[in-house]
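Structure, as structure tokens:
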Amino acid sequence: MWLGASRKNTAKPLGIAWPVNSILALGIHFSYNDEIVYNKNFEQKLIKMKSLLNLWYPRNLTLYGRITILKSLAISKLVYNTSVLTFPTKFIAMVNQAITQFVWNKKAKIKYRTMIGPKEQGGLDMPDFQIINEALKVVWVRRLSDSNGTASWSHIPLSYLQPVGGLFLLQCNFDLKLLKVHIPIDFYKEALCAWQKINCSTPNTKKQVLNEIVWNNHHIKIDGYSVYYKKWHDAGLTKIEDFFQGNRFLAFDEFCSKFKIKTNFLNYYGLCHAIPQKWINILKGNFTEPLEKRSEKERISLDKLSCKSATKFFVKSKFVTPTAERRMTEAGLKEHTIRLIYSLPFNVTKDTRLAIFQYKIIHHILPTNSTLFRDSIKEHDKCHLCGERQTLIHLFVTCSKARLFWSLFSNWWNSKNGDTITIDKNEIIYGVTDNFAHYLGLNLCMIIAKYYLYTASRKEEEFYFDAFLAFLTNKIKIEKHKSKSQINM
Ligand SMILES: [Zn+2]
């Protein structure tokens, strides 16, 4: 393959095979033609991933099971290319769409940005391709930093960063758009952008301002760009504290003698002027308005950076709290209780079908006659036992038959365990969170009880307590878990 200026050369000397379309090296396709490269490196991979997912479609998997398949089998098909190539935005959107389609099979019932969150916050750790992509790119930045400029591959990216201090840039509070550099390779830009998202911050206290690195700082601009004066940096000027002393900036002659720099006073005052007024107010202790709370994000330093910590950071900034949380807050549940409620299904049972069943109750997305009627799947929304409208709350709590069931249930539990529990509406729906560790067994029985009520209602059957007990015995036999020991059959 002819490269560089000779790329249009059509000669085929030496009697060897000259490629027409593309060549494959180390698993990546290279070609003059961007479309061919895009097709082979991205589209073909996505098609492979989708056909693998198609094999799993017909299986009766839970939400969680589908997410496991995605993470362990499907996404891995794209990881290698992601870690070495720049990714077209539209491609990321296509992958995320394939993910949603596979997880929900039809219309998504919980927001994408909720599903990506951790379980204890109401998510299901669903993969997000934008985050995977950015985390892999950030890992490359870490490798660049670790190379310390000695690895041969690092010479090219570092040569582009030379005008802004080379590796030093990675420590700065920079914004790529404001740097006076030209980086012609998208991969490097993408990686730096990903790192910038984690690294950029706004100082809000005197200590933080003094500690800010002046160079390449996106808050400090001259003529619309951030600044890097190599000579000044080499002379020892790095942070605000280096030239802001005793409540003021050093005077020009003090500055020159401290750093032994020969410069024009305009350059020096230009830099002092570029420091944001807000910072100077913070430094001098004059606040006219209360400081905004420092954003929650914690700065991760480069040497502690890993794919995992980066992913955690990106998930945290993208995650939105579940819509269902409002209902819980309105029911008077406190934040600590809500966290317990979210993790409860995954703590009391290893049966993912049961856990996801409870997850759907918490998020209020379990289909009942009222939602099936709304979606024109059922011709009425009535409860098969009492004729009232069957909502989730009616089915499990307010239906007279359900009330009777729960009173039998608590009698049964109390007589078996010498306990004196009563179960209120919130507990029926969300589980018993008081003395949680002690009530793992009770919570498991309650989820199984709801599962029984739900199955019976789908089959339009009466609720029989004895039938529930038989169902429970069966389930408990399958459940080989710590909560088992707490249940007295
Ligand atoms: Zn009813």
Among the residues of segment 461-474, is any modelled with pLDDT of 90 or more, surrounded by fewer than 18 Cβ atoms within 10 Å (Cβ to Cβ), touching a His at 6+ places or on another chain (Cβ under 6 Å) and more than 30 Å from E330 (Cα to Cα)? no
Which numbered condition L408 misses (of (1) in contact (Cβ under 8 Å) with a residue 24 or more places away in the chain; (2) exposed (fewer than 13 other Cβ atoms within 10 Å of the Cβ); (3) more than 12 Å from the ligand (Cβ to nearest atom)): (2)
Within segment 384-405, residues being without any contact (Cβ under 8 Å) to a residue 60 or more places away in the chain and either over 25 Å from M328 (Cβ atoms) or not hydroxyl-bearing (S, T, Y) (or both) number 13
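Looking only at segment 432-473, which residues are among the charged types (D, E, K, R) and either outside any helix (DSSP H, G or I) or farther than 15 Å from V397 by Cα (or both)?
D434, R458, K459, E460, E461, E462, D466
I'm checking my understanding of the structure. Among residues of segment 372-395 that are assigned to a loop (DSSP other than H, G, I, E, B) and more than 8 Å from the ligand (Cβ to nearest atom), which one is surrounded by the fewest Cβ atoms within 10 Å (Cβ to Cβ)?
Checking each candidate, the answer is S376.
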Which members of segment 166-201 meet the condition of being over 19 Å from A310 (Cβ atoms) and either free of Cβ contacts under 8 Å to residues at least 40 places away in the same chain or not in a helix (DSSP H, G or I) (or both)? G166, K177, L179, K180, V181, H182, I183, P184, I185
Condition first: among the aliphatic types (A, V, I, L, M), surrounded by 11 or more Cβ atoms within 10 Å (Cβ to Cβ) and modelled with pLDDT under 70. Now tell me which residues in segment 1-33 satisfy that. M1
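The values are calculated or read from the model by the stated rules, or taken from the named source; none is laboratory data. Note that the coordinates shown come from a computational prediction; the quantities given were computed from them, not determined experimentally. Neighbour counts run over all protein chains shown; Cβ positions are idealised from the backbone, glycine included.
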